[in-house]
1. Taking every DSSP beta bridge that has both residues in the chain, what percent is antiparallel when rounded to the nearest 5?
2. Sorted by mean Cβ packing within 10 Å, highest first, what order do the peptides 342-351, 287-296 take?
3. Please sort through the DSSP H helices of the chain and keep those with an alpha-carbon extent of at least 15 Å along the long axis and a Kyte-Doolittle average not below 1.6.
4. Of Asn242, Gly156, His33, which is farthest towards the positive pole of the chain's charge dipole, taken about the Cα centre with +1 and -1 on the beta-carbons of Lys, Arg and Asp, Glu respectively?
5. Obtain the nm distance between the two label points defined at Ala347 and Lys35 by a simple spin-label model: each point lies 7 Å from its Cα along the Cα-to-C-beta direction.
6. Arranged from highest to lowest average of other beta-carbon atoms within 10 Å per residue, in what order do the peptides 175-188, 215-228, 96-109 appear?
7. In debye, nearest 20, what is the charge dipole magnitude of the chain about its Cα centre with +1 on Lys and Arg Cβ and -1 on Asp and Glu Cβ, if you could check?
8. Taking the highest mean first, how do the peptides 200-211, 138-149 order by number of other beta carbon atoms within 10 angstrom per residue?
Amino acid sequence: MKTNHTDVHYLAGPEDLYPILLDEGLLSNVGQHLKRNGLSGSCALVTNPTVGAHYTEGVMQSLSQAGFRPTLCEISDGEQYKTLETVASLYDQFLAAGLDRKSPILALGGGVLGDTVGFAAATFLRGMPLVQIPTTLLAMVDSSVGGKTGVDLPQGKNLVGAFKQPALVLIDPEVLSTLPAIEFRSGLAEVVKHGIIDSPELFEALGDGKFTLLWMLDEAIRVKVRVVEEDPFEQGRRAVLNLGHTFAHAFEQLSNYELRHGYAVSIGIACATRLALNLNYCSPVEAKEILDLLDFLEMPIEVPDYSPDAVWQAMGTDKKKQAGRLRFILPQAVGKVDIFNDIPEAAVKEVLAQ
Ligand SMILES: NC(=O)c1ccc[n+]([C@@H]2O[C@H](COP(=O)([O-])OP(=O)(O)OC[C@H]3O[C@@H](n4cnc5c(N)ncnc54)[C@H](O)[C@@H]3O)[C@@H](O)[C@H]2O)c1
Ligand SMILES: [Zn+2]
């Protein structure tokens, strides 16, 4: 059984080192953890009604007890609200709360909320201290760590954003007890992704089930930290974290965001794997291993019923283009992926038609 874990990682950001705390029960001591990390004064706790129903009261109480003056701010729940309108509504709430430039902004929620609030924190008064408190599996292992924030435009996902390293990330796995099972499974796609990118041990463990939740979170976060530290502004290697995402963003967009991000990523990883196989970059044995694990974890691997032309066109609005060319991350084997900017359109469409 894999159980080892350390409670804290430090991510060396471009300006600063910031702690990522991981442990059960952290949420009930949020105030103390913020204080210990040099934060104080007025602060804004941003959440949505779904997450807030479970956790607002406890967090607000912990903040007050630690001497903060917290204001509760709310935004609507759902990818359809990951918009500039929601960001504007946050600016209004921050102004009404009388925040100053040192007031921490806490994002308590999943990836949608963390991305939106992170962008508001990056831009309000030219940047406020941001505390990410992720409450979904996806947000814990991926979106809360690494500093990418942003919102969607009608034309495509995450088209407006900023790099905003948080002052602190607080990850309390206990909150996953209220997360619907379907959301947990969706988040597993990013865990599998991290295994394929840089942790054969994590990949293998997911298949045999002999690990604790804390170990899995710890291992998945380690991969993210390693990749981000090497390339904080995505000038090169960090793009590997987009494994499956060129496909995924097109599927999400075509579904009007009804398809969950993690599920889209799972199908995207399957597509990237088949593409790698067709191009003889990946062996049939390696490809089967990846597709089998996704299937074993009950994640979708079949392409939704969109025409290859429609998917190709939707991919064209994805911002992961380099010099006008689409960029694909392909697995060669578990633990080894590479970035490609010259995949022929026909090869991509072949996979979409499979
Ligand atoms: N910034 C990045 O680097 C990065 C990386 C990966 C994904 N993302 C983004 O993350 C988003 C997807 O995030 P997500 O999968 O977390 O979805 P989400 O934020 O929509 O959360 C899923 C649902 O679960 C609810 N929820 C969250 N925590 C809960 C809890 N503990 N108990 C009960 N309900 C809870 C949410 O309110 C929501 O209804 C996408 O917009 C994607 O683009 C960003
Ligand atoms: Zn993702």
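1. On the way: 17 of 37 bridges.
Just about 45 percent of them are antiparallel.
2. Details: 342-351: 14.2, 287-296: 17.4.
Going from most to least packed, we get 287-296, 342-351.
3. Working: long enough: 49-65 (24 Å, -0.26); 84-96 (18 Å, 0.67); 111-123 (18 Å, 1.10); 181-198 (26 Å, 0.47); 213-230 (26 Å, 0.48); 261-278 (25 Å, 0.87); 284-296 (17 Å, 0.40).
Answer set is empty.
4. Of the options given, the answer is His33.
5. Distance between the two pseudo-spin positions: 5.8 nm.
6. Values: 175-188: 16.5, 215-228: 21.7, 96-109: 20.1.
Descending mean neighbour count gives 215-228, 96-109, 175-188.
7. Working: 29 positive and 44 negative charges, 195 e Å.
Here the chain has a charge dipole of around 940 debye.
8. Ranking the peptides 200-211, 138-149 by packing returns 138-149, 200-211.
The values are calculated or read from the model by the stated rules, or taken from the named source; none is laboratory data. Note that this is a predicted model, so its numbers are computed, not measured. Glycine also receives a Cβ, built like all others from the backbone with ideal geometry; neighbour counts cover every protein chain displayed. All accessible areas refer to the heavy atoms of the entire protein, side chains included, with ligands and DNA or RNA removed. Shrake-Rupley method; radii C 1.70, N 1.55, O 1.52, S 1.80 Å.
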